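A short write-up of the structure that comes next.
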(Lines give C-alpha, C1' and ligand atoms only; values in the text may rest on other atoms or scores of the structure.)
Protein backbone atom coordinates (compact mmCIF):
# COMPACT_ATOMS: atom_id res chain seq x y z
CA UNK A 1 0.00 0.00 0.00
CA UNK A 2 1.42 3.36 -1.00
CA UNK A 3 0.71 6.53 0.86
CA UNK A 4 -0.09 9.69 -0.99
CA UNK A 5 2.12 12.70 -0.36
CA UNK A 6 1.04 15.08 2.39
CA UNK A 7 -1.05 18.00 1.20
CA UNK A 8 0.72 21.32 1.49
CA UNK A 9 -0.41 23.29 4.54
CA UNK A 10 -1.30 26.96 4.12
CA UNK A 11 -1.89 29.30 7.06
CA UNK A 12 -4.21 32.20 6.25
CA UNK A 13 -4.07 35.17 8.63
CA UNK A 14 -6.89 37.63 8.06
CA UNK A 15 -9.86 39.04 9.97
CA UNK A 16 -12.15 39.35 6.93
CA UNK A 17 -14.63 36.46 7.01
CA UNK A 18 -15.50 36.83 3.31
CA UNK A 19 -11.81 36.61 2.34
CA UNK A 20 -11.31 33.60 4.62
CA UNK A 21 -14.33 31.82 3.11
CA UNK A 22 -13.00 32.49 -0.39
CA UNK A 23 -9.52 31.20 0.53
CA UNK A 24 -10.92 28.06 2.15
CA UNK A 25 -13.13 27.30 -0.85
CA UNK A 26 -10.43 28.05 -3.41
CA UNK A 27 -7.46 26.48 -1.67
CA UNK A 28 -8.96 23.58 0.25
CA UNK A 29 -11.89 22.48 -1.88
CA UNK A 30 -10.74 23.38 -5.39
CA UNK A 31 -6.94 23.11 -5.07
CA UNK A 32 -6.65 20.45 -2.31
CA UNK A 33 -4.41 22.36 0.08
CA UNK A 34 -4.77 21.96 3.83
CA UNK A 35 -5.91 25.38 5.07
CA UNK A 36 -5.45 26.65 8.63
CA UNK A 37 -7.09 29.94 9.58
CA UNK A 38 -6.13 32.55 12.17
CA UNK A 39 -8.41 35.58 12.60
CA UNK A 40 -6.55 37.30 15.46
CA UNK A 41 -3.34 39.19 14.76
CA UNK A 42 -2.00 38.94 18.31
CA UNK A 43 -1.93 35.13 18.20
CA UNK A 44 -0.77 34.81 14.60
CA UNK A 45 2.97 34.45 15.25
CA UNK A 46 2.45 31.60 17.76
CA UNK A 47 -0.10 30.06 15.38
CA UNK A 48 2.48 29.92 12.57
CA UNK A 49 5.30 28.84 14.88
CA UNK A 50 3.31 25.90 16.25
CA UNK A 51 1.67 24.78 12.99
CA UNK A 52 4.77 25.19 10.78
CA UNK A 53 2.82 25.59 7.51
CA UNK A 54 4.37 25.33 4.06
CA UNK A 55 3.14 28.87 3.29
CA UNK A 56 1.57 31.87 5.03
CA UNK A 57 -0.96 34.13 3.32
CA UNK A 58 -1.70 37.23 5.38
CA UNK A 59 -3.16 40.69 5.31
CA UNK A 60 -1.48 43.84 6.60
CA UNK A 61 -4.65 45.44 7.96
CA UNK A 62 -5.86 43.18 10.77
CA UNK A 63 -7.86 44.35 13.77
CA UNK A 64 -8.49 47.76 12.20
CA UNK A 65 -4.80 48.70 12.07
CA UNK A 66 -1.70 47.65 10.14
CA UNK A 67 -0.86 44.89 12.64
CA UNK A 68 0.35 42.63 9.84
CA UNK A 69 3.75 44.33 9.96
CA UNK A 70 4.20 43.18 13.56
CA UNK A 71 3.41 39.61 12.52
CA UNK A 72 5.87 39.82 9.61
CA UNK A 73 8.61 41.19 11.87
CA UNK A 74 8.17 38.35 14.35
CA UNK A 75 8.10 35.70 11.61
CA UNK A 76 11.24 37.02 9.92
CA UNK A 77 13.17 37.39 13.20
CA UNK A 78 12.57 33.82 14.39
CA UNK A 79 14.90 31.21 12.81
CA UNK A 80 12.08 28.62 13.08
CA UNK A 81 9.61 30.67 11.05
CA UNK A 82 11.94 32.71 8.81
CA UNK A 83 12.18 29.99 6.09
CA UNK A 84 8.39 29.76 5.69
CA UNK A 85 7.36 31.62 2.52
CA UNK A 86 4.86 34.44 2.93
CA UNK A 87 2.43 36.05 0.52
CA UNK A 88 0.88 39.34 1.65
CA UNK A 89 -2.56 40.02 0.16
CA UNK A 90 -3.61 43.49 1.18
CA UNK A 91 -5.49 46.60 0.10
CA UNK A 92 -2.94 48.70 2.03
CA UNK A 93 -1.24 49.55 -1.26
CA UNK A 94 0.59 52.65 -0.02
CA UNK A 95 2.02 50.69 2.91
CA UNK A 96 3.06 47.81 0.63
CA UNK A 97 4.81 50.29 -1.64
CA UNK A 98 6.61 51.95 1.29
CA UNK A 99 7.84 48.57 2.58
CA UNK A 100 8.64 47.00 -0.81
CA UNK A 101 12.41 46.93 -0.22
CA UNK A 102 11.97 45.25 3.17
CA UNK A 103 9.51 42.72 1.72
CA UNK A 104 11.94 41.91 -1.09
CA UNK A 105 14.81 41.50 1.36
CA UNK A 106 12.92 38.62 3.02
CA UNK A 107 11.47 37.20 -0.20
CA UNK A 108 7.93 38.12 0.80
CA UNK A 109 5.59 38.37 -2.16
CA UNK A 110 2.98 41.14 -2.17
CA UNK A 111 -0.34 40.94 -4.00
CA UNK A 112 -2.34 44.17 -3.77
CA UNK A 113 -6.10 43.64 -3.46
CA UNK A 114 -7.99 43.16 -5.62
CA UNK A 115 -5.85 40.51 -7.27
CA UNK A 116 -6.37 37.87 -9.92
CA UNK A 117 -6.94 34.43 -8.38
CA UNK A 118 -4.77 32.81 -11.06
CA UNK A 119 -1.88 35.09 -10.03
CA UNK A 120 -2.41 34.05 -6.40
CA UNK A 121 -2.45 30.35 -7.30
CA UNK A 122 0.71 30.73 -9.40
CA UNK A 123 2.43 32.56 -6.53
CA UNK A 124 1.38 29.82 -4.10
CA UNK A 125 2.71 27.05 -6.35
CA UNK A 126 6.03 28.85 -6.88
CA UNK A 127 6.50 29.66 -3.18
CA UNK A 128 5.72 26.13 -1.99
CA UNK A 129 7.92 24.55 -4.68
CA UNK A 130 10.83 26.82 -3.76
CA UNK A 131 10.34 26.10 -0.04
CA UNK A 132 10.24 22.32 -0.55
CA UNK A 133 13.37 22.37 -2.72
CA UNK A 134 15.46 23.88 0.10
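Quick notes on this structure:
- Any chance residue 18 is out of contact with any helix residue (DSSP H, G or I) (no Cβ under 8 Å at 6 or more places or on another chain) and without any contact (Cβ under 8 Å) to a residue 60 or more places away in the chain: yes
- Qualifying positions in segment 95-113 - more than 17 Å from residue 123 (Cα to Cα) and outside any helix (DSSP H, G or I): 99
- Taking the listed residues 81, 76, the one that is part of a helix (DSSP H, G or I), at pLDDT 95 or above and surrounded by 16 or more Cβ atoms within 10 Å (Cβ to Cβ) is 76, with no other qualifying.
- Here segment 51-65 is the region considered, the condition is being modelled with pLDDT of 95 or more and not in a loop (DSSP other than H, G, I, E, B), and the residue that is farthest from residue 23 (Cα to Cα) is 51.
So that you can scan it fast, the table gives a plain yes or no per residue for (1) in contact (Cβ under 8 Å) with a residue 12 or more places away in the chain; (2) buried (at least 20 other Cβ atoms within 10 Å of the Cβ); (3) closer than 16 Å to residue 111 by Cβ:
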| residue | (1), (2), (3) |
| --- | --- |
| 8 | yes, yes, no |
| 36 | yes, no, no |
| 44 | yes, yes, no |
| 68 | yes, yes, yes |
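- Lone unmet requirement of (1) within 11 Å of the chain's Cα centre (by Cα); (2) surrounded by 17 or more Cβ atoms within 10 Å (Cβ to Cβ) for residue 62: (1)
- Number of positions in segment 84-94 that are outside any strand (DSSP E or B), in contact with a strand residue (DSSP E or B) (Cβ under 9 Å, 6 or more places away or on another chain) and either more than 15 Å from residue 124 (Cα to Cα) or modelled with pLDDT under 95 (or both): 3
The values are calculated or read from the model by the stated rules, or taken from the named source; none is laboratory data. Everything numeric in this text was worked out from a predicted model, so none of it was measured. Reconstructed Cβ throughout: ideal geometry from the backbone, glycine too, with neighbour counts over all protein chains shown.
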